[in-house]
Amino acid sequence: MVGQGSVHTSGQQAFEFNHIGYGSTLALMLLSFVMLLTLVQWQLRRKWVFHEE
């Protein structure tokens, strides 16, 4: 999975290699990516659900 690898890399950079700023940046980039995907899915949900009236 892409997400697990990204989280592992972020934690590894922050805690194993002592690059706190770089690890934080990776974590924020992952958060932004997940938020963007969530917003896109939220907007497209209207096309996937059919409501009879």
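Every read-out reported here was derived from the displayed coordinates using simple, explicitly stated rules and does not represent laboratory data. Because the structure is predicted, anything quoted here is derived from the model rather than measured.
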### Query
From the backbone phi of the range 28-45, what are the Karplus-calculated ³J(HN,Hα) couplings (6.51 cos²θ - 1.76 cosθ + 1.60, θ = phi - 60°) in whole Hz, Gly and Pro given as x?
5, 5, 5, 4, 4, 5, 5, 5, 4, 4, 5, 5, 5, 5, 4, 6, 7, 4
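Tell me the volume per residue, in Å³, of the convex hull enclosing the alpha carbons of the range 2-48. Each step should come with its number before you reach the end.
Values: hull volume 2.3 nm³, N = 47.
Hull volume over Cα atoms, normalised by residue count, gives 50 Å³.
Between residue 12 and residue 35, what length comes free when the chain is fully extended (0.36 nm per residue of separation minus the Cα-Cα distance, one decimal in nm)?
Values: separation 23, 0.36 × 23 = 8.28 nm, distance 2.26 nm.
Between residue 12 and residue 35, full extension yields 6.0 nm more.
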